[in-house]
Amino acid sequence: MNEIKYFNPGQFISKRALISSVIGIALAVVTEWLIPFLGIMPKFTDWITPAVILFTISIIAITSAIAKNVIASIVISLSASLCFYSPIGNYTSGYISIVVIYLSVALFTGIFATIEMSGKTALTWIGIVFGLQAILGAAINMLLYLTNSFQTYYANGVYNISLGNPYDSFPFFDLIVMIVGLIYMVVFILLGRRVHSSSIENKIREIIGQIIIFLALAATLAINIMFNETFTQETATQIIGEDNLLFINHVFQKTTSDNLAVFTLLNGFYVLPIAGMIIGIGLALIVYQRAQGTTGTLTFDFEGSYFALNIPLAFVLGIFSYYWYQLNISEFYLNMETWYVLATIYTNLLLINLIVVFILALVLRPFLGRKK
């Protein structure tokens, strides 16, 4: 059997990639088009936003991790994007956002699930990816804080939004998160330079690593559910504007009648970076297990899905920034007030889907095997 290479287009016609792609596309048609079209979407408006939870992200992640081919990742994600359907109408910006999110998830998952690397390289990548995401999340929030984008929430009676920083002071919490992200990156890079050897027979490291990853996902989601403040569509219109609300409803809510929310305990742009750094610790234990310390090689397999996190969100915010609108490149932009709502909805949706990925990986891994 030929060695699996992610960026080899010819391997798309292999049995593994083709079957995974067909299954991924078929399931995406069901979750992304058929369920919304038939109006049988599960709604959880009393305890979480988005009001409607779909599982397309988990389908893309799982099938991309199994297919292990760049063409398969692109085909699966673009097919899911083409299936995108909203009961409240069409919106071009919404389609673009869905393409960006789904394609990012598919490519990140596929790359890290397929490429074989040494244990030392894996630790370095953990530090770089999760450390940079912490810096990125804090930087985005610092921009929101310095521009007083939260003031519109206060003016409309939403007072408990978590800013990450004490009101009317220097954003030192953002700076602290950036420094922590930098330290995290440096520590893992240094760990990646050391040689460590261990037995592959004892599975305790991988078991503990998987437990840490699950707790990072589940505990973060539980905190989000318990500590959020909801507000009506009418209030949302006053805060983020009619166009931005239409975008949010079209892409995520699938409805124009249910409440939206913002986080009240953890800042929306800290949540995924904090979860990511904890996940990185779990992944490090898995690395030490699969790579016999740092002396062997491994692939991250299904765990590749944990690497994207807040990067797709950052892409969407960058594409629909006011900068491009000023240059007449885009006819639409997401105002900064919307960023808080978007971060809340995206974070909850992603965490739920990653928990599904985690559970499905436990079920599927024994049957599919893992390339060492």
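The values are calculated or read from the model by the stated rules, or taken from the named source; none is laboratory data. Treat the numbers as computed from the prediction; the structure is a model and nothing was measured. Don't worry about glycine lacking a Cβ; one is built from the backbone with ideal geometry, like all the others, and counts go over all protein chains shown. Accessible surface is based on the protein model in full, side chains and every heavy atom, while ligands, DNA and RNA are left aside. Shrake-Rupley method; radii C 1.70, N 1.55, O 1.52, S 1.80 Å.
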nm² value of the averaged projected area, convex hull over the Cα atoms of segment 96-194: 8.5 nm²
Considering the alpha-carbon set of segment 239-287 alone, what are its Rg and its Dmax in angstrom? 16.3, 47
No solvent, one uniform scatterer per C-alpha: report log10 I(q)/I(0) for segment 35-177 via the Debye equation at q = 0.16, 0.22 1/Å, two decimals. -1.12, -1.20
Report the extension gain between Arg193 and Ile355 in nm, rounded to one decimal, defined as 0.36 nm multiplied by the number of residues separating them, less their alpha carbon distance. 55.2 nm
Please state, as a whole number in µm²/s, the translational diffusion coefficient that the Stokes-Einstein equation yields for segment 292-372 at 4 °C and 1.567 mPa s, with Rh defined as the Kirkwood radius across alpha carbon pairs. 82 µm²/s
Which of Trp33, Trp339 is most accessible, then next, and so on - probe 1.4 Å: Trp33, Trp339
Within segment 136-172, chymotrypsin sites (Phe, Trp or Tyr not before Pro) in DSSP loop having at most 16 other beta-carbon neighbours inside 10 Å: Tyr159, Tyr167
In whole µm²/s, the translational diffusion coefficient that Stokes-Einstein assigns to segment 1-67, given a Kirkwood hydrodynamic radius over C-alpha pairs, 20 °C and 1.002 mPa s, equals 156 µm²/s
Under 13 Å, Cβ to Cβ, from Thr124 - net charge with Lys/Arg +1 and Asp/Glu -1: +3
Tell me the Rg and the Dmax, in Å, that the Cα atoms of segment 173-271 produce. 20.5, 60
Once you have the Kirkwood Rh of the chain from its Cα pairs, apply Stokes-Einstein at 37 °C and 0.692 mPa s and quote D in µm²/s. 155 µm²/s
Directionally averaged projected area (convex hull, Cα atoms, segment 266-325), nm²: 5.5 nm²
How high is the relative contact order of the chain? Use alpha-carbon pairs under 8 Å, at least six apart in sequence, and give a whole percent. 25 percent
Leaving ligands, DNA and RNA out of it, report the carbon-plus-sulfur percent of the accessible area of the chain at a 1.4 Å probe. 68 percent
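For segment 13-108, what is the accessible area per residue in Å² when the probe is 1.4 Å?
Dividing the accessible area of segment 13-108 by its residue count gives 40 Å².
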Could you compute the net charge surrounding Val187? Neighbours are other residues with a C-beta less than 12 Å from the C-beta of Val187; K and R count +1, D and E count -1. +2
In whole percent, the Cα-Cα distances of segment 198-249 spread across 10 Å bins from 0 upward as 20, 22, 22, 16, 12, 8
Which shape class, rounded, prolate or oblate, goes with segment 106-148 when its Cα gyration tensor gives a ≥ b ≥ c as root eigenvalues, a/c under 1.5 marks rounded, and past that a/b bigger than b/c marks prolate? oblate
Which number gives the lysine pairs in the chain that have C-alpha atoms under 25 Å apart and are eight or more places apart or on different chains? 18
Given the DSSP H assignment, sum -39500 (n - 2.57) over each helix run of at least 4 residues in the chain and divide by its residue total; what's the result at 222 nm in deg cm²/dmol, nearest 500? -20000 deg cm²/dmol
Arrange the residues Arg194, Arg365, Arg205 by how much accessible surface each exposes, largest first, with a 1.4 angstrom probe. Arg194, Arg205, Arg365
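If packing is taken as the mean number of other Cβ atoms within 10 Å per residue, what is the order of 56-68, 118-130, 211-223, highest first?
56-68, 118-130, 211-223
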